[in-house]
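First the structure, in the form of structure tokens, and then the observations on it.
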Amino acid sequence: GESVGLHLPTLSVQEGDNSIINCAYSNSASDYFIWYKQESGKGPQFIIDIRSNMDKRQGQRVTVLLNKTVKHLSLQIAATQPGDSAVYFCAESGQNNNDMRFGAGTRLTVKP
Amino acid sequence: DAGVIQSPRHEVTEMGQEVTLRCKPISGHNSLFWYRQTMMRGLELLIYFNNNVPIDDSGMPEDRFSAKMPNASFSTLKIQPSEPRDSAVYFCASSPVLQMNTEAFFGQGTRLTVV
């Protein structure tokens, strides 16, 4: 069936560097994409979202890029901090659809 | 608002016993989701409700799993009988908008261990 998946299961970066976390999706009907951050022992927490009519969206220190041609989504974190260490999930859903499906997750570790 | 509230936070039960997980969504939210998280399968959507009505339960693994939402402020996920392979963290999430996609707000989860 259609699914959301991740290229890299783990990512280790130096504090202050930029991080890029990637996600591939297979459902061309996906209309809405979200990045979540999950810290140990907690539920996923919303970071940033993007709709399919956009290619890029920026938040505070985070940018999400959407390439619909190759069905690829990425999360860029600028000046990564130790507090950014967590598992990051991409999630997608279809148009007018609350059926939100998650990818496998990428563990980001920030080295001091 | 206190956010999505789940109880219990931890549950240890013996195989064959009934387990009931509880969720209180954020007041005013129209949609409620139940997810299961394991190392092997990640975050799986089990079922979701819109305005207290189950919309899609295709993610519910078997008939041993059932979910209800008797009113806008309460939902339960029941496993009967429970099995060791049901051990996982179960998350409840809610979102405020019915038709337009928006982010879901997650509870802290219930860690279920079936021995």
- [ ] For the stretch A:31-76, name all the residues that are surrounded by fewer than 16 Cβ atoms within 10 Å (Cβ to Cβ), in a loop (DSSP other than H, G, I, E, B) and either of a type in the set (A, V, I, L, M, F, W, C) or within 14 Å of chain B (Cβ to nearest Cβ) (or both).
- [x] A:E39, A:S40, A:G41, A:K42, A:N53, A:M54, A:G59, A:V70
- [ ] Among the residues of the stretch B:6-51, count how many are touching a residue at least 24 places away in the same chain (Cβ under 8 Å), surrounded by fewer than 16 Cβ atoms within 10 Å (Cβ to Cβ) and hydrophobic (A, V, I, L, M, F, W, C).
- [x] 2
Open item on the list: All but one of (1) in a strand (DSSP E or B); (2) over 10 Å from the mean Cα position of the chain (by Cα); (3) within 14 Å of chain A (Cβ to nearest Cβ) hold for B:L112; state the number of the condition that does not hold.
Closed with: (3)
TODO: Would you kindly identify the strands (runs of 3 or more DSSP E) lying entirely within the stretch B:11-53 that contain at least 3 residues that are more than 10 Å from every other protein chain (Cβ to nearest Cβ)?
DONE: B:19-24, B:31-38
Open item on the list: Quick check on the stretch B:62-108: of everything there that is in a strand (DSSP E or B) and of a type in the set (S, T, N, Q), which residue is modelled with the lowest pLDDT?
Closed with: B:S95
Open item on the list: If A:S19 meets every condition in (1) modelled with pLDDT under 90; (2) farther than 13 Å from A:C90 by Cβ apart from one, which number is that one?
Closed with: (1)
Task: Subset of the stretch A:77-89 (residues that are of a type outside the set (G, A, S) and either farther than 21 Å from A:D17 by Cβ or more than 11 Å from chain B (Cβ to nearest Cβ) (or both)) - done: A:I77, A:T80, A:Q81, A:P82, A:D84, A:Y88, A:F89
TODO: Could you figure out which of (1) open to solvent by 70 Å² or more (accessible area, probe 1.4 Å); (2) touching a residue at least 24 places away in the same chain (Cβ under 8 Å) isn't true of B:P54?
DONE: (2)
Open item on the list: Looking at B:G59, B:G42, can you tell me which residue is modelled with pLDDT under 95 and under 13 Å from the mean Cα position of the chain (by Cα)?
Closed with: B:G59
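The values are calculated or read from the model by the stated rules, or taken from the named source; none is laboratory data. Predicted, not measured: the structure shown is a model, and the values here were computed from it. As a convention, Cβ positions derive from the backbone with ideal geometry for all residues, glycine included, and neighbour counts pool all protein chains shown. Heads up: the accessible areas ignore ligands, DNA and RNA and are worked out on the full protein's heavy atoms, side chains in. Shrake-Rupley method; radii C 1.70, N 1.55, O 1.52, S 1.80 Å.
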